[in-house]
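Asker: What follows is a structure written as C-alpha cells; I'll ask about it next.
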Amino acid sequence: MIDIKSMLPEEILEFTVKELKAPKFRANQIMDWLSKGVTKFEDMKNLPKNIVETLNSICYISVANIEKKLVSRYDGTVKYLFSFEDKECVEAVVMKYNHGYSMCISTQVGCKMGCTFCATGMGGFTRQLKPSEMLSQIEAAQRDLGIRISNIVLMGMGEPLDNYDNVVKFIRLVSNEKFLNIGTRHITLSTCGLVPKIYDFADEGFGVTLSLSLHAPYDELRSKTMPVNRKYPVDEAIKACKYYADKTGRRITYEYAMIKGVNDTPYCARTLGELIKGTLCHVNLIPVNPVDGTGYKPSEDKGIINFQKILSEYKVNSTVRRTLGADINASCGQLRGKNKK
Ligand code: SAH
Ligand code: SF4
C-alpha cells in the first residue's frame, strides 16, 4: 500500500495523473484534505466515488492514535504515547512557550545507539518511522489540543540521523506551504553525533538548528556513556559541527546532561571550555533525568552553577534548562518503557 502522507506535492501530482488517471486539479483537492488532517479517503467530500475507491484500494493515510496522555500539573506540558497501525508506540511532548507551542517528536521506535543514561537507548531498536508517522504526531496533538504547533524539535525517541532519508523527507513535507508550513528555521534536530550524516545534513541547505548531544568533553568518558563515541570521537564530532555552523550560519547547541559525580567536575568544565571556545555555539546544561536501572543522579545546583561559571571564563554561553514536565517523565523513552511493563 502507498503511504500517501509521505508524498511531496509534486509526487501527489504525478500520482494523480499516472495512477489515479484523474485530472491535475484532483491532486490539489487531495492535498487540501490531507493538510486538514482527514484520516479517511471517504471524508474527502469533493472527490468522485471512483477516485475514493481507487485511493482506498492502493493507498492508506497514516494516523497516530493517542494511547496515553499526561498533563503536567506544574507547567501544562503534555506528554503523549502514540501508537501506529502495527501497535508500535512512540512518545512526544508539547510545551508552551511565550511565543507559541513547541513539540518534541520521535523519529524511530527505539534507538540503536545505546547511551547508558537514556531510557530509549536501554530498550533497543524496533523500527524506523516513516515521514508520515512523524507528521501524524504533530497533527494528532494539534487536533487534540486545538492549537497550532510553531516549533518542532526532533528530540524524542530515536536518532534522527540514523533514519536520514525519512527525516529529510519529513523536513521537506512539514515545511511545505501546502502542508503544515512550519519553516525550517523553526526546527531543531538533535543527534548523538553520526559524523558523516552531519556533513550530509549541512549540505542539504536547510536552516535547521543542529543540537549535538555531547554530555562529556573527552573520549574516555564519552565512550563510557555514549558508545557512538567509539566510532566518531569528540574532536570529529566537534569538527563536523563547526562545518555545519559555517555552512548554515546557525549556532550549534551542545546538550550536556549533568550527571552527579560523572561529568560535572570542574575538570570537565575546563575541558569543555577549551574544546568549544571561540565557536558559534550555546551549551544547554540539563540535570540528568534519573532513569530506573541506570544508577545516575542529577548534579546538585551548586555544581551546575559552578560548571556554568567556569564555562563563562572561556566566553562559552550556557543556559541551565528548566526541566519541563518533571512530574510526567517528560524525558523521552520513559513512558513507553512503563507501558510495556
Ligand atoms: N538521539 C538524539 C535525539 C533524541 S534524545 C540524541 O541523542 O541527541 C534527546 C535528548 O535527550 C538528547 O540530548 C539525549 O542525550 C537526552 N537524554 C536522553 N536521556 C536523558 C536523560 N535521562 N536525562 C537528560 N537528558 C537525556
Ligand atoms: Fe538514542 Fe539519543 Fe537515547 Fe542516545 S540519547 S540512546 S542516541 S535516543
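Asker: Looking at the stretch 107-133, I want the residues that are among the aliphatic types (A, V, I, L, M) and have a partner that is assigned to a loop (DSSP other than H, G, I, E, B) and within 11 Å of ligand 1 (Cβ to nearest atom) with Cβ atoms under 6 Å, at least 6 apart or on another chain. Which pairs are those?
Answerer: Going by the 6 Å Cβ cut-off, the qualifying pairs are MET113/GLU159; MET113/CYS192; ALA119/VAL291; ALA119/GLY333; LEU129/THR107.
Asker: Can you find a residue in the stretch 12-29 that is on the phi < 0 side of the Ramachandran plot, free of Cβ contacts under 8 Å to residues at least 24 places away in the same chain, over 22 Å from the mean Cα position of the chain (by Cα) and assigned to a loop (DSSP other than H, G, I, E, B)?
Answerer: Yes, there is a match, as at least one residue in the stretch 12-29 is on the phi < 0 side of the Ramachandran plot, free of Cβ contacts under 8 Å to residues at least 24 places away in the same chain, over 22 Å from the mean Cα position of the chain (by Cα) and assigned to a loop (DSSP other than H, G, I, E, B).
Asker: Would it be correct to say that ILE198 is part of a helix (DSSP H, G or I), buried (at least 20 other Cβ atoms within 10 Å of the Cβ) and either touching a Cys at 6+ places or on another chain (Cβ under 9 Å) or among the acidic types (Asp, Glu) (or both)?
Answerer: Criteria met by ILE198.
Asker: Hey, among the residues in the stretch 206-262 that are in contact (Cβ under 8 Å) with a residue 60 or more places away in the chain and in a helix (DSSP H, G or I), which one's farthest from ligand 2 (Cβ to nearest atom)?
Answerer: Ranking the qualifying residues of the stretch 206-262, first place goes to LYS224.
Asker: Could you check how many residues of the stretch 44-97 are closer than 30 Å to ASN28 by Cα, part of a loop (DSSP other than H, G, I, E, B) and aromatic (Phe, Trp, Tyr)?
Answerer: Count: 1.
Asker: With LYS224, LYS242 as the choices, which residue is surrounded by fewer than 20 Cβ atoms within 10 Å (Cβ to Cβ), among the basic types (Lys, Arg) and closer than 24 Å to ALA119 by Cα?
Answerer: LYS224
Asker: Looking at the stretch 264-285, which of the residues that are surrounded by fewer than 21 Cβ atoms within 10 Å (Cβ to Cβ) and among the β-branched types (Val, Ile, Thr) is nearest to the chain's Cα centre (by Cα)?
Answerer: Checked the stretch 264-285; the qualifying residue nearest to the chain's Cα centre (by Cα) is THR279.
Every number here is computed from the coordinates shown, using simple stated rules; none is lab data. Here the structure is a predicted model, which means the values were calculated and not measured. Glycine also receives a Cβ, built like all others from the backbone with ideal geometry; neighbour counts cover every protein chain displayed.
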